[in-house]
There are 2 protein chains.
Amino acid sequence: MATIYEVSALAGVSLSSVSRVLNDHEHVSKKTKEKVVAAMNELNYRPNTIARSLASNRSNSVGVLVSELHGPFFGAMLSSVELELRKAGKHAVITAGHSDEESEINGLDFLIDRKCDALILLVDAISDDYLIKLSKGNTPFVILNRNISEISDHCFYLDNELGGYLAAKYLIEQGHKEIAYISGPLTKQDSTERLTGHKKALAEANISFKESLLYEGDYLTKSGRDGINYLIKHKTTFTAVACSNDEMASGAMRGARDHKWLIPEQCSFIGFDNAFFTEYLYPQLTTINFPVNDMAKMSTQWILKNVYKQKELDIINMFIPELIERQSVKKN
Amino acid sequence: MATIYEVSALAGVSLSSVSRVLNDHEHVSKKTKEKVVAAMNELNYRPNTIARSLASNRSNSVGVLVSELHGPFFGAMLSSVELELRKAGKHAVITAGHSDEESEINGLDFLIDRKCDALILLVDAISDDYLIKLSKGNTPFVILNRNISEISDHCFYLDNELGGYLAAKYLIEQGHKEIAYISGPLTKQDSTERLTGHKKALAEANISFKESLLYEGDYLTKSGRDGINYLIKHKTTFTAVACSNDEMASGAMRGARDHKWLIPEQCSFIGFDNAFFTEYLYPQLTTINFPVNDMAKMSTQWILKNVYKQKELDIINMFIPELIERQSVKKN
DNA sequence: ATTCAATATGGAAGCGCTTCCAGTTTATTT
DNA sequence: AAATAAACTGGAAGCGCTTCCATATTGAAT
């Protein structure tokens, strides 16, 4: 593997000059540049990224840390973020945290140690305090799907409360009064916010919120099914169930069907996120849209602006959910 | 940020000694080791991974290149690979190739330039020749879901033909004779192999394969729906449809339902992969299991054995698909 | 022609670590 | 106690690049 040294020898110029053309510096004469480029081609030269990082303390790459690598929401977000970075000519270095504080911090250190120019974090186990402290460090970062007020300009998030509100309001407008709710883990910010929105809509319609109609799931498909079974076992009655994400809604529908319920005739369902598969469920799932791509795009714009000083762009931190009306809710 | 130099000064030993304890070398006295560790703790020392890579030409990380970051199959594989590596104390550096040859090669170079100790490749745009040439280079790698005979010991793949065969055979056993087939892109190895297996089962049962009942999809959900529409538009008749993956099966069911067909009463469906969501479709999808986790585990074992010389393990390159019987196929 | 600034180039130090070699100390054997 | 091997330690070069500083060259302005 040829080095910058061999290139300089072949081109008959100094190391510094080669380095300059490599980095697109100003103040390099056309002639030297041509000589160097020719030499590079002849030697099939490829710069050693590691050496560059060590000497310059930069890497031209952005670290992405996600709590999970799979699942419709994380998958879509990951994919979208990577695509946006790629468009901007930056490489994404992706790693996973598994929603475990130690692993997440470990992943964070890994990316920082690798001298990523910036980080994109989609994590939930690392504490607010830790992130606030991190913001005083040298590696700039943004946080997705989470709002920490002390550093909210680094955060990109959905108006979850509005989303929860919209879902419940729609069910109420369709004539439902007894509405069960399957939430995500109530230790997580987005879960509690969505539930708050739900309650707000009920209150506005003078419907009292019943604890007995609440089941705390974990955002995974299975817990939707568990939720339905729990509600049925406890002999609660309801005509609709709102779920804190689409996967649980899908699980809940499966659970309802195990009990021979007709959907939506006997029970309506509404999800959250508008994951790609919701359109392919039967019946097609009515849900709340989470503008994943917009958020991904905005977060990379923040980085291009603040880290790479590329463009002067307006940054929006909060995104607005919207109702997607399909066929899983019937008029009551 | 403290360096090895400061540690050596504080501990009163040489740079080399510090490096030795850092790398768990033999021949370091207990006393020196203790002094060094104490100094490291006091200074809150964190090794600079970049510098280590430059000096040693290693990185203690494994590069993972996938064509897509999302989707049930890629997501599951990615997640599983990462988990196995993590268990083995290796870090995964993940990047995406977007099924485009230039991007994939670009991603490959990125990982090689970053001195990954080994690579795990789940790509389909890079040519066999390129990979064969790559196998003569310095970075060891394995290839998932693809078999290149010249380097088949680096390859981990499913017996796709058997899978296709199993699916068709099951449909035939259930009394189906007119079976439509929605394939993946026929430029891809797995697609054609699955189709070959399908044809083989038909032939064994003396059922002739009709070109008119074949639709070439692209493995995405939408193309399953398109396939059904195409088949209906061309006035073909069939009582079952076999799909080359679960997403297309899900799309096909949706398409059938758009035409008010009852599933499985009027038409049976079978998928491929046994993606997590198939259990939550309605009706639950009968499909062929792809042992994603086993493959992921085996590929990291190959790396632990061949690159990190950790264990002496048996390596299996070909995996066996199995029928998962659920409710989307009825007796005819 | 002379001056001065702008532009272009080379030299050399240094980024933080690994690793080879040589030298020193300790333990083991006779 | 001497001889030998084994265990341990330090010095120094070097991984491939960037970047600061100093010097050389060019061109424009007087």
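Copy-to-copy label distances for B:Asn44, where each label lies 7 Å from Cα along Cα-to-Cβ, are 4.7 nm in order of increasing length. The 3J(HN,Hα) values that the Karplus relation (6.51, -1.76, 1.60; θ = phi - 60°) gives for region A:73-86 are, in residue order, 6, 5, x, 5, 5, 4, 4, 5, 4, 4, 5, 5, 5, 4 Hz. Gly and Pro appear as x. All Cα-Cα distances of chain B, cut into 20 Å bins from zero to the largest, leave 28, 43, 20, 8, 0 percent in each bin in turn. Per residue, region A:4-47 exposes 68 Å² of solvent-accessible protein surface, assessed with a 1.4 angstrom probe and all protein chains in place.
Could you work out how much longer the chain between B:Asp100 and B:Gln327 gets when fully extended? Use 0.36 nm per residue separation minus the Cα distance between them, nm to one decimal.
Length gained between B:Asp100 and B:Gln327: 78.0 nm.
Contact order for region A:4-47, expressed relative to its length and based on alpha carbon pairs under 8 Å spaced 6+ residues apart, stands at 45 percent.
With θ set to phi - 60° and the Karplus curve 6.51 cos²θ - 1.76 cosθ + 1.60, what are the ³J(HN,Hα) couplings of region A:299-306 in order, to the nearest whole Hz, using x for Gly and Pro? Rounded to whole hertz, the list is 5, 6, 5, 4, 5, 4, 6, 8.
Overall, the accessible surface of chain A at a probe of 1.4 angstrom is composed of carbon and sulfur to the extent of 49 percent. Across the identical copies, the label point of A:His25 (7 Å from Cα in the Cβ direction) is separated from its matches by 3.6 nm, in order from shortest. The angle separating the long axis of helix B:246-258 from the principal Cα axis of greatest extent in chain B is about 40 degrees. Applying 1/(1 + (r/R0)^6) with R0 = 35 Å to the Cβ-Cβ distance of B:Glu150 and A:Glu150, what FRET efficiency is obtained, to the nearest 0.05? About 0.05, to the nearest 0.05. Using C-alpha pairs under 8 Å with a sequence gap of at least 6, the mean separation divided by the residue count of chain A gives a relative contact order of 15 percent. Summarising the amide proton neighbourhood of A:Gln310: residues at separation of 5 or more, or on other chains, whose placed amide H is nearer than 5 Å comprise A:Lys305. Express the relative contact order of region A:160-290 as a whole percentage, based on alpha carbon pairs under 8 Å and six or more residues apart in sequence. Once normalised by length, the contact order is 25 percent. Shape index of region B:160-290: Rg/Rh, with Rg the Cα radius of gyration and Rh the Kirkwood radius from the inverse mean 1/r over Cα pairs, equals 0.92. Given +1 at the Cβ of Lys and Arg, -1 at the Cβ of Asp and Glu and no other charges, the dipole of the protein assembly as shown around its Cα centre is 320 debye to the nearest 20. Bridge orientation summary for the protein assembly as shown: considering DSSP beta bridges with both residues in this region, about 10 percent are antiparallel. As a test of the formula, what do you get for the protein assembly as shown when each DSSP H run with n ≥ 4 contributes -39,500 (n - 2.57) and the sum is divided by the residue count, at 222 nm and rounded to the nearest 500 deg cm²/dmol? Taken over the protein assembly as shown, the calculation gives -13500 deg cm²/dmol. Legend: P(r) of the protein assembly as shown from all alpha carbon pair distances, 10 Å bins from 0, whole percents, reading 3, 14, 21, 23, 20, 11, 6, 2, 0. The simple Förster model, with R0 at 30 Å and r as the Cβ-Cβ distance, assigns B:Lys30 and A:Met1 a FRET efficiency of 0.15. Quick one: helix B:189-204 against the long Cα principal axis of chain B, what's the angle to the nearest 10°, folded into 0 to 90? On a 0 to 90 degree scale, this one is about 40. Taking the square roots of five times each eigenvalue of the Cα gyration tensor of region B:285-332, the equivalent ellipsoid has semi-axes of 35, 8, 5 Å, listed largest first. Counted by Cβ distance under 14 Å from A:Met40, the other residues give a net charge of 0, where Lys and Arg count +1 and Asp and Glu count -1.
The values are calculated or read from the model by the stated rules, or taken from the named source; none is laboratory data. These numbers were taken from a predicted model, which means no experiment stands behind them. Reconstructed Cβ throughout: ideal geometry from the backbone, glycine too, with neighbour counts over all protein chains shown. The protein model used for the area step is the full one, side chains on, heavy atoms only, and it has no ligands, DNA or RNA in it. Shrake-Rupley method; radii C 1.70, N 1.55, O 1.52, S 1.80 Å.
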